[in-house]
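Read the structure below first, then the notes.
The values are calculated or read from the model by the stated rules, or taken from the named source; none is laboratory data. Just so it is clear, the model here is predicted, and its values are computed rather than measured. Cβ sites come from the backbone with ideal geometry, for glycine too, and all protein chains shown count toward neighbours.
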Amino acid sequence: MKVLILVTHLLGTGHLARALTLARAFSTAGHEATVVSGGMPAHQLDAGGVQLVQLPPLRSDGVNFTRLLDADGLDAGADLMARRATHLRDTLRAIAPDVVITELFPFGRRVLRTEFLEALDAARSLPHCPLICASVRDILAPPSKPAKAAMTEDIISRFYDAVLVHSDADVTPLDVSWPVTKTLAPYLQYTGFVAAPTAPAHPDGVGTGEVLVSAGGGNVGTNVFDAALQAARHDPDRRWRLLVGGTKAADRIATLRQNASPNTIVEAARPDFRQMLHHAAASVSMAGYNTALDLLQTQTPAVLVPFDAGDETEQSLRAEALARLPGINVLTSAALNGQTLLEQVQKAISAPHRAARTSGLHGAQNTASIVQELAGKHHAD
């Protein structure tokens, strides 16, 4: 079975990370998996074992997701969008997939609606029409208007065979953040949470006793890093390590290093971060889907500063759910400063230890099984 996953991450890299995890699960199950990425390259992510096709990249203008920029930070013009569309159509024809999965769309990425719809039309026009699935995380950005939910439902009805919800229906059903109607409900397939296999402890013990501060792979989290620098100055007996991602990482690192105290390391985001978590005294991060799963798989005390710019609510909802567990505290952006961050880190470290979660995290493998069964029925019809 040939599977094509179409994803365009515009700010952070969580969507791409999840798509790669799914693709690896398909490959492990004996299928050919291709990820077509339309966002900025994210070299810190592990694409091993997965065919990765890079479209001419796009990113958003910060949290303004209605303005798209090219790799040079210029407004994305018609020529760029035409080249993306051609590349995508050519890839679909060359691979002729049995399954097409769109990450987030049509529940998000409405600014790229034309591109996604053209890709779906191209997929439907292949000699053997593939099974078409949407792939969504546990919590979505709720539709701001009923018309947006209705438009999403219409696209699902026209093009899709299933909606893969990467959550546990008993923990975070989709209707926590999205209106699930009688029309939409039959499409939903809950897979469990999509987590990468639990990372082993770091062979060199990197991160031991440190406070690891991260903000995903996008150009966000400046407030978190600034507060961490302040907190580290008042915690001189402990090492703080800031891991900075995004396309502007080099400039941000240089600026942060100018204000760093001797007990602070500032460096680029590392591919061994998940291994370092096992040894850390605490983690400070935002509350993205993949970060939340990394923390659930470890016993690391954590302080979450959910991303809430531009009226974003997804991470706040997730952080509130995680804060029910011991050793996980939440600090809002409005309350964030060096003193409050240090207080919350110390509180998290002093909390009772929680057990590492091992159940409900096999969503990638479950997705491969669910899709294989649906594809068998689809192509038999």
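Before moving on, here are some points about what is shown:
- Some residue of the stretch 342-355 being in contact with a strand residue (DSSP E or B) (Cβ under 9 Å, 6 or more places away or on another chain) and of a type in the set (S, T, N, Q): yes
- Condition met for Gly360 (more than 30 Å from Asp237 (Cα to Cα) and of a type outside the set (D, E, K, R)): yes
- Taken over the stretch 152-183, the criterion of being assigned to a helix (DSSP H, G or I) and closer than 21 Å to Thr313 by Cα is satisfied by Thr152, Leu174, Asp175, Val176.
- Arg137 vs. criteria crowded, with 22+ Cβ neighbours inside 10 Å and of a type in the set (D, E, K, R): yes
- The residue that is nearest to Phe193 (Cα to Cα), counting only those in the stretch 309-343 that are hydroxyl-bearing (Ser, Thr, Tyr) and at pLDDT 90 or above, is Ser316.
- Thr34 in contact with a Gly (Cβ under 9 Å, 6 or more places away or on another chain) and either in contact (Cβ under 8 Å) with a residue 60 or more places away in the chain or aliphatic (A, V, I, L, M) (or both): no
- Meets criteria (in the same structural domain as Ala368 (by TED's automatic domain parsing) and modelled with pLDDT of 95 or more) for Gln54: yes
- Condition check for Pro186: assigned to a loop (DSSP other than H, G, I, E, B) and not small (Gly, Ala, Ser): no
- Listing of strands (runs of 3 or more DSSP E) fully contained in the stretch 20-109 that carry 3 or more residues being β-branched (Val, Ile, Thr) and crowded, with 22+ Cβ neighbours inside 10 Å: 99-103
- Checking each residue in the stretch 262-306 for being hydroxyl-bearing (Ser, Thr, Tyr) and touching a Gly at 6+ places or on another chain (Cβ under 6 Å) picks out only Tyr289.
- In the stretch 195-298, counting only strands (runs of 3 or more DSSP E) that sit wholly within it, none holds 2 or more residues that are touching a Ser or Thr at 6+ places or on another chain (Cβ under 7 Å), assigned by TED's automatic domain parsing to the domain that holds Gly39 and free of Cβ contacts under 8 Å to residues at least 40 places away in the same chain.
- Hits in the stretch 307-330 - residues which are assigned to a loop (DSSP other than H, G, I, E, B) and surrounded by fewer than 23 Cβ atoms within 10 Å (Cβ to Cβ): Asp308, Glu312, Thr313, Ala323, Arg324, Leu325, Pro326, Gly327
- Residue check for Arg257: charged (D, E, K, R), modelled with pLDDT of 95 or more and either touching an Asp or Glu at 6+ places or on another chain (Cβ under 9 Å) or at negative phi (or both): yes
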